[in-house]
Structures are given as structure tokens and as C-alpha cells.
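The next block holds one structure in the form of C-alpha cells; read it before the comments.
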Amino acid sequence: MGMVVTGKVTGIKKFGAFVTLEGRKSGLIHISEIANTYVDDVSAHLSEGQEVTVKVIGIDESGRINLSVKKVQEPAMAAAPSRPPRQHSVPQERSPASFEDRLKQFMQDSNSKMSGLEMYANKKKSRRSQG
């Protein structure tokens, strides 16, 4: 395990690709080991007859060889996230709004919402009493 070898892709399936290695042994590159990004279609990344460099990542009890293309790629590439890293925002100076100004704005918004709810409740009550 851990050896890096070359082989030839001999078959493509939905779940991965079969590769014939040196010494007539064959192994499987599971779809999750093809690329560092999401792989929906194996044939978009590999094709039959293509020579590939793979890393042996496991051999099960039955002697089946598990291979990886993405573990052969440079570590910087392998560690690269598929989305940009989260940026920590640095608080920027805002307009000088005091606590009292922000509280006043909050109270205005709250009063506006409350009056809207009261009007809705009153309409609902008047409909019930008419019916």
C-alpha cells in the first residue's frame, strides 16, 4: 500500500474505473478517488485506454486493489478546498450611530410592526362578529 504506479484504464462504470496495473493485476478507482472536486460522471475525467498514475490505497481480504488518482496529485492541490475559505470580516467604522439612535430606530420599526398586527387582529375580530 502507498505505492504510486501507472496503469491503463480498462473499464468505466458509474461507480468508478477499472485499471490494469503492471504485472497484469487490476484495481478500481472509486468515483470518490478520481478528483478533488465532486465527480458526477466518471467518463468526464477518465477514458478507456488512458494511462493513469495512481496510488494504491488499500487491498481488501479478497485481494482487490483500491486505487486513487487524487492522492497522487500535489498535496497543495489535494488540500485545496472546493470553495473559497471563509473570510473573517473586520468591523469597519460605521457612521457614528449612537446606542440611543439605534434603539430609537428599533422602537420605530417595532411600533410599526405592532400596529400592523393590531390592525390585522381587529379586522379578523370584526369579520367573526359579523358572521
Please enumerate, by chain and number, the lysines with C-alpha under 29 Å from the C-alpha of K125, excluding those fewer than 8 residues away in the same chain. K113
Alpha carbons only, please: Rg and Dmax for the range 8-68, in angstrom. 10.8, 31
Going by Cα centres, the range 1-27 and the range 109-123 are how many Å apart? 69 Å
Just rank L46, L117, fewest to most, by other beta-carbon atoms within 10 angstrom. L117, L46
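Read-outs throughout are calculated quantities, based only on the coordinates presented, and are distinct from any laboratory measurement. All of these numbers come straight from a predicted model, not from anything done at the bench. For neighbour counting, all protein chains shown are included, and Cβ atoms are generated from backbone atoms with ideal geometry for every residue, glycine included.
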